[in-house]
Amino acid sequence: MASASERSPDLRTAPELLGHGLRLGPWDADSDADAATWLRARADPEFRRWNTPLKPVTDLAGSRASLRAVAERVADGDSVSFRIDDAASGTTLGHLGVNAIDPVMRVARVGYWVLPEARGHRVAARALTLASRWAFAELRLHRLELGHALGHEASCRVAERSGFPYEGTLRGAMFEAGRLDAFRDVHLHARLATDPQPAEPR
């Protein structure tokens, strides 16, 4: 019998997913538009409030390097990173990653961000619902975990709407905003492949 890792699809780039008015596809480090969008997202105060990258992105060169690192993790099978686009216009709305993929335990962690102008339209919930269905079916995962900083109520709502119930609080499991020497608590949500399907996002 093949192992879990042998049964996993051979992903070199993110596939294209369509649904709920969105198109999810790969980022392109050689695209000027993608590099500029990635940089703008990293500079957004709301992003920086809730996320602390190990390597800050402060210019276009750094943005391209960051996107290339994303592509390398995808090629290695460690993650799958999607650019979220509006299906009708092609406008980029945000990002969603299926990260830290463990094919033996069949678990991964999901994370996302949405550009300021796209907030308030349930983009993250629609993208998460679409990507979760794909991850369970195509990656054959059993469990998807979602963690967000304590107090991030918008992310809490995204999780609940997408079928990720709250499971508990992880103490000191995330860096404080803008610091690599201090920690904050994290809300843990998760969804199993065997859980009921959430309501279709509007």
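The values are calculated or read from the model by the stated rules, or taken from the named source; none is laboratory data. The model shown is predicted, which means the values in this text are computed figures rather than measured ones. All Cβ positions, glycine included, derive from the backbone under ideal geometry; neighbour counts span all protein chains shown. Only protein heavy atoms, including side chains, enter the accessible area calculation; ligands, DNA and RNA are left aside. Shrake-Rupley method; radii C 1.70, N 1.55, O 1.52, S 1.80 Å.
Of note:
- For the chain, adding -39500 (n - 2.57) for each run of n ≥ 4 DSSP H residues and dividing by the number of residues yields -9500 deg cm²/dmol at 222 nm.
- Here each label is just a point 7 Å from Cα along the line to Cβ, and for E160 and D59 those points are 4.5 nm apart.
- Summarised in one figure, the compactness ratio Rg/Rh of the chain, Cα atoms and Kirkwood Rh, is 0.94.
- Whole-percent carbon and sulfur share, accessible surface of the chain, 1.4 Å: 52
- Positive minus negative residues near L115 (Lys, Arg vs Asp, Glu; Cβ under 13 Å): -2
- For the range 81-194, the relative contact order works out to 21 percent when only alpha carbon pairs closer than 8 Å and six or more residues apart are counted.
- Here the relative contact order of the chain, from alpha carbon pairs under 8 Å that lie six or more residues apart, stands at 20 percent.
- In this structure the range 56-140 gives 45 Å² per residue of accessible area when probed at 1.4 Å with all protein chains present.
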